[in-house]
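Visitor: Quick one: the structure is below, questions incoming.
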Amino acid sequence: MTIVNAVLQGIFLGAFYAVLACGLSIMFGVMRIINLAHGDLAVLGAYATFVIVEQTGASALIAFVVSLPLMIVLGYVLQLTVLERSLKAGILTPLLATFGLSIVVQNLLQLAFSPDVRSLGGSAGTITTASWQVTSGLSVSALGLLVLLVAVLLFGGLQLFLSRTRVGWMMRATAEDADAAELVGIDSRAVYARATALAVATAALGGLFLGIRSVFDPVSGPTQLIFAFEAVVIGGMGSLRGTLLGGIALGVAQTVGAQIHPQFAVMAGHLLFLAVLIVRFGGARLRLRPV
């Protein structure tokens, strides 16, 4: 029963990774950008919620509802001011731009909040500690179940949004061929801004769960980026359904690996990521061009 419990906890952990990775998948799927500041934006969302909790005494969930519009506006502005220009300069420039954004966000957070760790767990109510004991070796945590439910609703809602709404169709058309979309009257600039705003909003949701589940500090972003990136790659770059499954696979690998040895948990996830890379790209031949 220990393995069954480990798999269940891995599913809950993987659902968190999937939520965290959702925005990364959106940005790559629509704009072909790997946002290296994604983890830092999630941490920024956690800090925004933390400030509202500290100032008002509201619960973390209510504070997140207040901070969410701010993060959406931030994403929209980031696209129009930083990412839009980098998109026109080749593949490498967006990577450098988002890397620079990551450094800026980390340093600003350190200046504003100091390197001390913070947590939203105390303001989230009893959901952080509530659980149900199914059998002697199997327990279901309320927080894990909530994260899993939110992940399923989030990815399901996004799938419906992209396939059933006009704005979603515009995003899919722009992702397929931005130049052709422009010819039929779609403003790719506006589409990219909406996609980035949506990505930052989902990153903030991941930051909320990060703050409730554990602690965070100004330099927590890169670690979260690694887990999010691995979930996206395992599930398939740009695939929302794949991101959900990839996050769950990563979480299960970590919790099952922890059963072998506690220090093997994170390594097991990295090994799964490496195995997927080998299987998916191992057959590709490296072609060298003469200098």
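Taken together, the values in this text are just the output of simple stated rules run on the coordinates, not laboratory data. What you see is a predicted model, and the numbers here were worked out from it, not measured in a lab. We place every Cβ from the backbone using ideal geometry, glycine too, and count neighbours over all the protein chains shown.
Visitor: Under 5 Å between amide hydrogens, which residues at least 5 positions from residue 134 or on another chain qualify, with H placed 1.01 Å from N in the peptide plane?
Guide: 139, 140
Visitor: Compute the length gained on full extension between residue 126 and residue 264: take 0.36 nm times their separation in residues and subtract their Cα-Cα distance, giving the result in nm to one decimal.
Guide: Full-extension gain reported as 46.6 nm.
Visitor: What FRET efficiency comes out for the pair residue 59/residue 93, r = Cβ-Cβ distance, R0 = 30 Å, nearest 0.05?
Guide: 0.15
Visitor: Return the single residue from 180, 18, 97 with maximal mean-square fluctuation; model: Gaussian network over the chain, springs between Cα atoms under 10 Å.
Guide: Result: 180 has the largest fluctuation of those listed.
Visitor: Also, quick follow-up: Quick check: from the Cα gyration tensor, does segment 1-57 come out rounded (a/c under 1.5), prolate or oblate?
Guide: In terms of gyration-tensor shape, oblate.
Visitor: What percentage of all Cα-Cα pairs in segment 41-140 are separated by more than 17 Å?
Guide: Pairs farther apart than 17 Å: 65 percent.
Visitor: Work out the length of the dipole vector of segment 2-281 about its Cα centre, built from +1 on the beta-carbon of each Lys and Arg and -1 on the beta-carbon of each Asp and Glu, and round it to the nearest 20 debye.
Guide: About 340 debye.
Visitor: So, one more: How far is it, in nm, from the label point at residue 176 to the one at residue 77 when both lie 7 Å from their Cα along the line to the Cβ?
Guide: With each label point 7 Å from Cα toward Cβ, the separation is 3.5 nm.
Visitor: Among 161, 276, 240, flag the residue with its Cα farthest along the positive direction of the charge dipole of the chain, charges on Cβ as +1 for Lys/Arg and -1 for Asp/Glu.
Guide: 276
Visitor: Separation of segment 30-108 and segment 121-183 by C-alpha centroid, Å?
Guide: Comparing the Cα centres of segment 30-108 and segment 121-183, I get a distance of 19 Å.
Visitor: Next question. Counting only C-alpha contacts under 8 Å and six or more residues apart, can you give the relative contact order of segment 2-281 as a whole percent?
Guide: 40 percent
Visitor: Further, regarding this structure: Along the positive direction of the dipole of segment 2-281 (beta-carbon charges: Lys, Arg +1; Asp, Glu -1; about the Cα centre), which of 215, 149, 105 reaches farthest?
Guide: Positive-end residue among those listed: 149.
Visitor: Still on this structure, I have one more. As a check on your grasp of the helix formula, calculate [θ] at 222 nm for the chain: sum -39500 (n - 2.57) over DSSP H runs of n ≥ 4, divide by the residue count, round to the nearest 500.
Guide: Taken over the chain, the calculation gives -24500 deg cm²/dmol.
Visitor: Something else about it: What ³J(HN,Hα) values, in whole Hz, does the Karplus curve 6.51 cos²θ - 1.76 cosθ + 1.60 give for segment 112-119 when θ = phi - 60°, with x put for Gly and Pro?
Guide: 7, 10, 6, x, 4, 7, 10, 8
Visitor: Among (1) 16.4; (2) 17.9; (3) 18.7, which is the computed mean projected area of the Cα convex hull in nm²?
Guide: Computing mean projected area of the Cα convex hull in nm² and matching it to (1) 16.4; (2) 17.9; (3) 18.7 gives (2).
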